[in-house]
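The values are calculated or read from the model by the stated rules, or taken from the named source; none is laboratory data. Not measured: the values here are computed from a predicted model. Quick reminder, even Gly has a Cβ in these numbers, built from the backbone with ideal geometry, and neighbours come from all protein chains shown.
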There are 2 protein chains.
Amino acid sequence: MRVLGVDPGLTRCGIGVVEGVAGRPLTMLGVGVVRTPADAEPALRLVAVEQGIEAWLDEHRPEYVAVERVFSQHNVRTVMGTAQASAVAMLCAARRGIPVALHTPSEVKAAVTGSGRADKAQVGAMVTRLLRLDAPPKPADAADALALAICHIWRAPAQNRLQQAVALHAATAPKGRTA
Amino acid sequence: MRVLGVDPGLTRCGIGVVEGVAGRPLTMLGVGVVRTPADAEPALRLVAVEQGIEAWLDEHRPEYVAVERVFSQHNVRTVMGTAQASAVAMLCAARRGIPVALHTPSEVKAAVTGSGRADKAQVGAMVTRLLRLDAPPKPADAADALALAICHIWRAPAQNRLQQAVALHAATAPKGRTA
């Protein structure tokens, strides 16, 4: 199973691609960050995020995309950019027919460290170990994106069957427009 | 000047197209709502919103798109959907090179009613009068989208010159991606 994880953000959108199945060693296929300049027009930043994510999808052709589920627990300005970047990631994947899974930060932390309250250093250390890397990926957004992908692979057996059923069903949903 | 206003939302995304210039009678070219089913997958709802907005842009070819600026003042669940739908609208417009303007709800209310604290009925009544309609457009999301377009036309003379300068500048901004 090949999963592309996205830690959404406008300034830094972390991307990590992991391949493997639960119970077997995992392989990192790529990791990086899509950046957009903080002083650019918001709409143009979203276009840049879309182009960046499309390039990653083109290159790695993942079977699943795992995106961090955004909550309004941070400050308002940050959470808006995060929600908007996550929308772009979800859109890019769903448009290609790739199932999208949303995982909360605590689900991701619990999956890779055993604790939903683990700090960034702990997540980075476990990602490094699980993917047999020489050093933790930087910045933290990149490590978090890999953790999201790992989380999805490990939680997948039950969840993916549900996702596929829902996707099949929703593909025929009405796209209403009244004038 | 032809402006497409968007009152963003996942369940109901209001769309209104208005043509005119400040100081002259305005003309409504279209109004409606893009709807997505509340029980569909979030990512597929975003795809449906994108398809709906693209159809409106294809049909009306606006010179500007005005989107409501989203704040985190409502409940968390609603504001996330609103932020994500607004991201899709901004993305669709910017991808085509159409300048995107963001206006706050109080800017829009003040523009069409004279008061930033006007209620929905007052906004609906003024939209009806300014566009010489027989009755207020329904649902309220549709009326709000028209109000956004009117607000943009009236605020435009200064703001659009700024938008165009920024858009020109940002078109060359880097779309970073490091591995």
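Taking (1) touching a Gly at 6+ places or on another chain (Cβ under 7 Å); (2) within 10 Å of chain A (Cβ to nearest Cβ) in turn, B:Gly5 satisfies each apart from (2). Residues of segment A:81-137 that are within 28 Å of A:Asp58 (Cβ to Cβ), outside any helix (DSSP H, G or I) and within 13 Å of the chain's Cα centre (by Cα): A:Ile98, A:Pro99, A:Val100, A:Ala101, A:Leu102, A:His103. Please tell me if A:Arg69 is farther than 15 Å from A:Ala145 by Cβ and touching a Ser or Thr at 6+ places or on another chain (Cβ under 7 Å). Judged against the criteria, A:Arg69 is not a match. If we scan segment A:121-130, do we find a residue that is within 14 Å of another protein chain (Cβ to nearest Cβ) and either in contact with a Leu (Cβ under 8 Å, 6 or more places away or on another chain) or in contact (Cβ under 8 Å) with a residue 24 or more places away in the chain (or both)? There is no residue in segment A:121-130 that is within 14 Å of another protein chain (Cβ to nearest Cβ) and either in contact with a Leu (Cβ under 8 Å, 6 or more places away or on another chain) or in contact (Cβ under 8 Å) with a residue 24 or more places away in the chain (or both). In segment B:149-157 there is at least one residue that is in a helix (DSSP H, G or I), out of contact with any helix residue (DSSP H, G or I) (no Cβ under 6 Å at 6 or more places or on another chain), over 22 Å from B:Gly30 (Cα atoms) and modelled with pLDDT under 95. Considering the conditions (1) out of contact with any helix residue (DSSP H, G or I) (no Cβ under 6 Å at 6 or more places or on another chain); (2) among the hydroxyl-bearing types (Ser, Thr, Tyr); (3) more than 10 Å from every other protein chain (Cβ to nearest Cβ), A:Ser86 is excluded by exactly one of them, (3). One residue stands out in segment B:32-51 among those that are surrounded by fewer than 21 Cβ atoms within 10 Å (Cβ to Cβ) and more than 7 Å from chain A (Cβ to nearest Cβ): the one that is nearest to B:Cys13 (Cα to Cα), namely B:Ala38.
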